[in-house]
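First comes the structure, then the notes that go with it.
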Ligand SMILES: [Zn+2]
């Protein structure tokens with residue numbers, strides 16, 4: 001069998017802010033896919049699957065914030081790294097390596113990529129003079145977010161460089177009247193400086209990209225169409241060369257042989273994917289070269305937000321191709337998160353951090369489940385409607401899924417000491433009732449197994465919403481089966497019978513069989529849901545008294561006589577009070 005080797009990444013969060021529920025759309029989406037792949041392609045069978053990420057640490061904002069807090073940038077990024085990793089761990093995002101771009105591996109590979117692009121003949125690195133706002137008091141060039149001034153349209157003071165909060169006009173920072181620095185309040189001056197550029201508009205890049213974006217589903221079709229627009233018609237492209245440098249003082253890596261010039265984020269952040277994996281390989285003795293050489297047959301998948309699709313779908317593959325590295329197998333872009341149908345907002349209390357969600361005692365798996373129920377593999381935005389969140393999680397997980405376990409386990413433990421009946425080779429007597437049971441058993445158990453391929457295809461294609469929909473339909477069917485069989489009536493008959501009913505008495509047997517079939521169906525549903533609900537699945541495995549469930553276990557039912565444990569609480573209802581408290585705390 002073909003041994004697959006897969007490297008998966010999520011985009012690198014910037015080391016100057018907290019992880020919020022918007023970020024988590026991506027990390028949860030990726031983590032579910034990674035866990036699904038790992039369940040289907042186990043390590044013991046020779047498959048290799050790695051999930052890496054890192055903090056994006058360099059740049060002026062980190063430098064300025066560290067200065068403001070009176071610490072070094074290194075101290076700041078270490079602190080933020082610990083916070084980010086805690087947030088991810090709280091939401092059960094299981095990276096194989098969560099690293100930093102402020103690393104020797106990033107420096108080495110950034111230099112390597114740059115040097116190779118420069119050495120191509122004619123060179124793919126060029127320089128241009130760029131005019132930029134300069135803060136004469138601080139002695140630094142300023143990113144747009146540190147520039148304010150008067151709106152050129154309506155004259156409102158203290159507006160940011162991209163749009164006016166008063167009249168809504170959009171403009172460039174250079175259009176602002178009397179621009180000033182929000183760092184030092186100094187009036188800004190325009191200053192010219194030489195920047196380094198990657199020649200993305202060069203024919204060699206453009207020709208490569210024209211075929212790359214059309215081939216082998218590298219991109220979702222909507223992303224491919226968008227990129228095609230940028231690439232333009234055969235004569236003319238709409239690409240511009242890509243600025244990859246910033247001037248000192250800057251927190252980052254100095255460009256080789258260019259004193260005072262530093263690699264800008266577009267170069268060293270994506271190299272962070274390479275570097276994080278390199279760091280993993282060194283720690284775990286894995287084969288780095290095998291994944292990044294040009295002729296590799298390994299697979300590389302990037303999960304990203306649609307806002308950085310241009311960059312990941314054009315700049316990054318062109319840069320890798322021209323520097324002699326492998327290019328991505330596929331790039332999966334997703335949309336943004338809205339909360340209650342609107343953009344996340346601090347004043348409405350919907351700008352919710354990961355930490356705030358956890359601090360209210362809300363279950364991270366409820367959010368994982370809700371996102372999964374919404375994510376459809378396209379670039380559409382997804383909405384976290386908080387009323388719907390409460391209703392859906394409580395209904396699906398508490399009311400339907402774990403309900404199956406609590407109902408069936410009670411009878412199994414009370415009447416059969418937790419031991420399961422033989423649900424596969426039915427040979428329990430030939431009463432009419434049992435014959436009916438037999439056929440209904442085949443109906444239900446097989447109905448679940450018949451959907452394995454469909455669920456697997458939905459998961460593989462990141463249509464988690466469709467997978468969840470199929471799984472919940474099956475969950476309904478298991479509950480309906482239970483209701484139709486009315487096992488509680490049989491239990492009552494057993495209880496009320498004057499003598500202890502023999503083990504093979506039809507009534508006792510029927511109760512045993514219905515409960516056993518139901519609990520086996522619960523096991524199957526747990527396997528389906530495990531990539532989404534890893535901790536709940538772990539608790540279910542312990543209750544079912546089985547080894548960690550893999551995809552292959554779908555078709556290996558629990559054996560006759562297998563003993564489950566007494567049902568213990570698996571999941572808590574979402575409490576509206578906690579949601580309200582979270583909104584208040586986010587304001
Ligand atoms: Zn205005």
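The values are calculated or read from the model by the stated rules, or taken from the named source; none is laboratory data. As the structure is a computational prediction, the values presented were derived from the model and not from experiment. Here Cβ is always computed from backbone atoms with ideal geometry, including for glycine, and neighbour counts include all displayed protein chains.
Observations, loosely collected:
- Test: residue 188 is away from the ligand (no atom under 16 Å from the Cβ) and not assigned by TED's automatic domain parsing to the domain that holds residue 61: yes
- Taking the conditions (1) away from the ligand (no atom under 16 Å from the Cβ); (2) in contact with a helix residue (DSSP H, G or I) (Cβ under 6 Å, 6 or more places away or on another chain); (3) closer than 26 Å to residue 253 by Cβ in turn, residue 123 satisfies each one other than (2).
- Output for the range 27-66, where each listed residue is out of contact with any strand residue (DSSP E or B) (no Cβ under 9 Å at 6 or more places or on another chain) and more than 29 Å from residue 525 (Cα to Cα): 65, 66
- The range 259-292 - residue that is touching a strand residue (DSSP E or B) at 6+ places or on another chain (Cβ under 8 Å) and not in a helix (DSSP H, G or I) and, of those, surrounded by the most Cβ atoms within 10 Å (Cβ to Cβ): 263
- Applying the set (1) surrounded by 16 or more Cβ atoms within 10 Å (Cβ to Cβ); (2) away from the ligand (no atom under 16 Å from the Cβ); (3) under 35 Å from the mean Cα position of the chain (by Cα) to residue 181 leaves exactly one unmet item: (3).
- Identification of helices (runs of 4 or more DSSP H) wholly contained in the range 436-528 with 1 or more residues that are within 28 Å of the chain's Cα centre (by Cα) yields 452-460, 464-485.
- Tabulated pairs, the range 167-188, first farther than 21 Å from residue 136 by Cβ, second in a strand (DSSP E or B) and within 16 Å of the ligand (Cβ to nearest atom), C-beta under 8 angstrom, 6+ apart or interchain: 169/163; 170/163; 171/163
- Filtering the range 539-559 to residues that are surrounded by 14 or more Cβ atoms within 10 Å (Cβ to Cβ) and under 23 Å from residue 30 (Cβ atoms) leaves 549, 550, 551.
- Restricting 314, 300 to those that are crowded, with 21+ Cβ neighbours inside 10 Å, part of a helix (DSSP H, G or I) and assigned by TED's automatic domain parsing to the domain that holds residue 14 reduces the list to 314.
- Strands (runs of 3 or more DSSP E) wholly inside the range 66-151 that include at least 1 residues being more than 28 Å from the chain's Cα centre (by Cα) and in contact (Cβ under 8 Å) with a residue 24 or more places away in the chain: 125-135, 147-150
- Any chance residue 208 is touching a helix residue (DSSP H, G or I) at 6+ places or on another chain (Cβ under 7 Å) and either closer than 14 Å to residue 133 by Cα or away from the ligand (no atom under 16 Å from the Cβ) (or both): yes
- Of the numbered criteria (1) buried (at least 17 other Cβ atoms within 10 Å of the Cβ); (2) touching a residue at least 40 places away in the same chain (Cβ under 8 Å); (3) in a helix (DSSP H, G or I); (4) more than 13 Å from the chain's Cα centre (by Cα), the one residue 23 fails is (4).
- Criterion (out of contact with any strand residue (DSSP E or B) (no Cβ under 9 Å at 6 or more places or on another chain), under 30 Å from residue 93 (Cβ atoms) and in the same structural domain as residue 447 (by TED's automatic domain parsing)) met by exactly one of 506, 531, 498, 487: 531
- Scanning the range 145-173 for residues that are away from the ligand (no atom under 16 Å from the Cβ) and exposed (fewer than 15 other Cβ atoms within 10 Å of the Cβ) returns a single hit, 145.
- Among the conditions (1) modelled with pLDDT under 90; (2) buried (at least 18 other Cβ atoms within 10 Å of the Cβ), residue 505 misses just one, which is (2).
- Flag for residue 194 being within 16 Å of the ligand (Cβ to nearest atom) and either in contact (Cβ under 8 Å) with a residue 40 or more places away in the chain or out of contact with any helix residue (DSSP H, G or I) (no Cβ under 6 Å at 6 or more places or on another chain) (or both): no
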